[in-house]
1. Take the Cα gyration tensor of chain A, multiply each eigenvalue by 5, square-root it, and list the three semi-axes largest first, rounded to whole angstrom.
2. What is the mean number of Cβ atoms from other protein chains located within 10 Å of the Cβ atom of each residue in peptide B:60-67, rounded to a whole number?
3. Work out the FRET efficiency for A:Tyr458 and A:Gln200 from their Cβ-Cβ distance, taking R0 = 51 Å, and round it to the nearest 0.05.
4. Run down the aspartates and glutamates and flag those whose C-alpha is under 18 Å from the C-alpha of A:Lys463, throwing out any fewer than 8 positions away in its chain.
5. At 0.36 nm per residue, and after removing the present C-alpha to C-alpha distance, how many nm does the segment from B:Val87 to B:Leu146 gain when stretched out fully?
6. Just tell me the longest site-free run in chain A, where the sites are trypsin sites (Lys or Arg not before Pro) in a DSSP loop having at most 10 other beta-carbon atoms within 10 Å.
7. Counting other C-beta atoms within 10 Å, and keeping those with at most 13, which DSSP coil trypsin sites (Lys or Arg not before Pro) do you find in the stretch B:63-164?
8. Between their Cα atoms, which of A:Lys285/A:Lys367; B:Lys6/B:Lys64; A:Lys196/B:Lys67; A:Lys203/B:Lys64; A:Lys216/A:Lys519; A:Lys125/A:Lys549 are more than 23 Å away from each other?
Amino acid sequence: MQQTGSQVLFTALKEENVDTLFGYPGGCVMDIYDEMSRQQIRHILVRHEQGAVHAADGYARASGRVGVCLVTSGPGATNTVTGIANAYMDSIPVVVLTGQVPTAIIGSDGFQEVDITGITRTCTKHNFLVRDIGDLHRTVREAFQIARSGRPGPVLVDLPKDVIQSVTEAEPLRTAVSPVEEGCPDLEGLCNEALKMLLQAKKPLIIVGGGVILGKASEIFRAFARKFRIPVVSTLMGLGAFPASDPLWTGMLGMHGAYSANMAVSQCDLLMAVGVRFDDRATSKVSAFASHARIIHIDIDPVSIDRIVRTDLAIVSHCIPALKTLHRLSDEQGLTPPERQIHAWRNQLLQWKAEMPLGYCRNQNIKPQYVIEKLHQLTQGRAIIATEVGQHQMWAAQFYRFDDPNAFLTSGGLGTMGFGLPAAIGAQVACPDRIVVDVAGDGSIQMNIQELGTIAHYGLPVKVVILNNLYLGMIRQWQELFYGRRYSQSDMSQAPDFVKLAEAYGIKGLRATKPEEVKRVLREGLETPGPVVMDFHVESEENVFPMVKPGTPLTEMAFGNVRAVA
Amino acid sequence: MPVQFKERAISVVVNNRPDVLARIAGTFSARGFNIESISANITRNPAVTKIIITTLTTPETITKVIKQLNRLVDVLEARRLRRPQAVCREMIIARVPLTKERQAAIQELIDTRGGKTVSIEPGSAVLEFTGDREDLEEILTRLESLGMEDFSRTGVIALERSKS
């Protein structure tokens, strides 16, 4: 049977169980879009190609499946670069399909031609330029395999127009795309060693990272931590892997981490890091990081091992087999938690938690932290929260108290303003029955505001919560603390009326300007079917605390005026 | 502790694809390392290329580079080649003017350093030498004194002395 390149492409996508594409048509992908009209596949038409990648990324983060987007050549392709780099930094499995000019024209500066495989070489896990229809099916399958295997990441497949238009007689080879996964050679031996270290420790601590969520290992991770009753801190990306409502929960560590978490890391004598890469925002000054601890590092990526923090025991493995082996071995050997030995340590942690909980001072203005607390309360902590980047992102991380994995969608590595709204679109498409909220700042929301059009178009019930302080808040905070209060170019007071803007898109808009209006607006927003934009006029010069100045040890936290509340 | 910057050799076996060299070069440049020398050619299997790269690094950084190279999809194997377990060779071809006075000196250099005459034209000859870096540095000094006009030098190739 004859098949066009477009048909081969959709065959491969179907074999990968792709149900949704996020995309935007253009000259070089006209044939794919034409074929799409005859295929059973959902397409979400975004308003900008950057939004397509972030949406595919949000879909992947919320569902644990590979997100897919489709864009045209040239500007369509270059518009995806920020989204690709964002997915790369956070290890999110995304497949980006780009159109390309016909192979005969490649290299001649044709209309809408750009060397997108060259441009994205350093921000994709891998990329392909398909030059022959005979390679198309295998390449697309391989792209998915690479995106989700090992440490996941984005893969780009560049599709020249003539390859897509050409016709093949050949049945696409059902190439068994070989799984490249390799088990850790001496997992049992290493896990025995880890257990020994863990049981010898007097002040043990676990750091959980995004790798546990990506590896779908939250359940087994929770069971392990609870079995040995070891306190847990989390990175930004690990939030939700371990429930914030659990008594062992010690908080998020890092620049804006909890006092208890940063103190615990600095004082522990054994640190077991699971699925983390030791980002500088988490470790702060590396030489002072966990300086009293022996370190066990479990991660699938050998590059992460000994890259930032020197480990005493490295286990290069997916989280699930490593944690399962730890579990099994401890069962077989009848190991029990070293209760007596770590009793004093647990009391110390409780004391730190009580001494300095996350807090803020109330006044006659809306405090942004209060909005997040109320949001948590009204959604019973069960919403999917996407964020943009900045102060609101940190407040969401601190005050939403995540209990579930795949529920906090945030740009941790690249720090991409404009991520949250399209990511929320992807999450809502993946999880139509969940409450999906984009927590945004007034600066960030304007970076991909056009995606309100997408939400309206598909009636996606995404709720946008804008913590509007009329500043680029995090920039202003740094300027206040480190640049002598010179607020250079961080004033955003020339802002649109977000309620009217929402209404212009056909979306309901609500506003709160006083603390007593917060709950009512949130409730009305959450109860209204369909999309809603909620504009909260918050305290304009509120700071995120605690704060560790970059380059200083985690113990050197500034608290601003928060201490009074504790 | 003094930082031990030394020229170290890596063997990288890769799929013979058009962009693989760019990916490898990118792995070095993205981390701020310089490639000192590179040589690449196909293996018994023409779909597979072996690349020998030398770079000035510390033992710690070379371990990191190798991990990163192994992460590339088209890299089948990247590993360190350590001396003295591995032999390293480079080759130069050099054009020297042929004059009566220098003929004996040229012949002596060829004889003592295992050189070859590749081409003789009226007035000039192209000579070929192989050896390790130190050998070639010395030979080049001698060739300079013979009025060498130009030369071309390969990257390092290397191989372990025995199966390990």
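Rule-based calculations on the coordinates, nothing more; no lab input. All of these numbers come straight from a predicted model, not from anything done at the bench. Please note: Cβ atoms are built from the backbone with ideal geometry, for glycine as well, and neighbour counts cover all protein chains shown.
1. Values: eigenvalues 310, 205, 76 Å².
Square roots of five times the eigenvalues give 39, 32, 19 Å.
2. Rounded to a whole number, the mean comes out at 2.
3. Numbers: r = 56 Å, r/R0 = 1.09.
It comes to 0.40.
4. List returned: A:Glu373, A:Glu388, A:Asp433, A:Asp438, A:Asp442, A:Glu451, A:Asp497, A:Glu503, A:Glu517, A:Glu524, A:Glu527, A:Asp535.
5. Details: separation 59, 0.36 × 59 = 21.24 nm, distance 2.89 nm.
Full extension of this stretch gives 18.3 nm more.
6. Numbers: sites that count: A:Arg38, A:Arg174, A:Arg485, A:Arg486.
Formally, the longest exposed-site-free interval is A:175-484.
7. Working: sites: B:Lys64, B:Lys67, B:Arg71, B:Arg79, B:Arg80, B:Arg82, B:Arg89, B:Arg95, B:Lys100, B:Arg102, B:Arg113, B:Lys116, B:Arg133, B:Arg142, B:Arg153, B:Arg161, B:Lys163; in loops: B:Arg82, B:Arg113, B:Arg161, B:Lys163.
Listed in order of number, the matching sites are B:Arg82, B:Arg161, B:Lys163.
8. A:Lys285/A:Lys367; A:Lys196/B:Lys67; A:Lys203/B:Lys64; A:Lys216/A:Lys519; A:Lys125/A:Lys549
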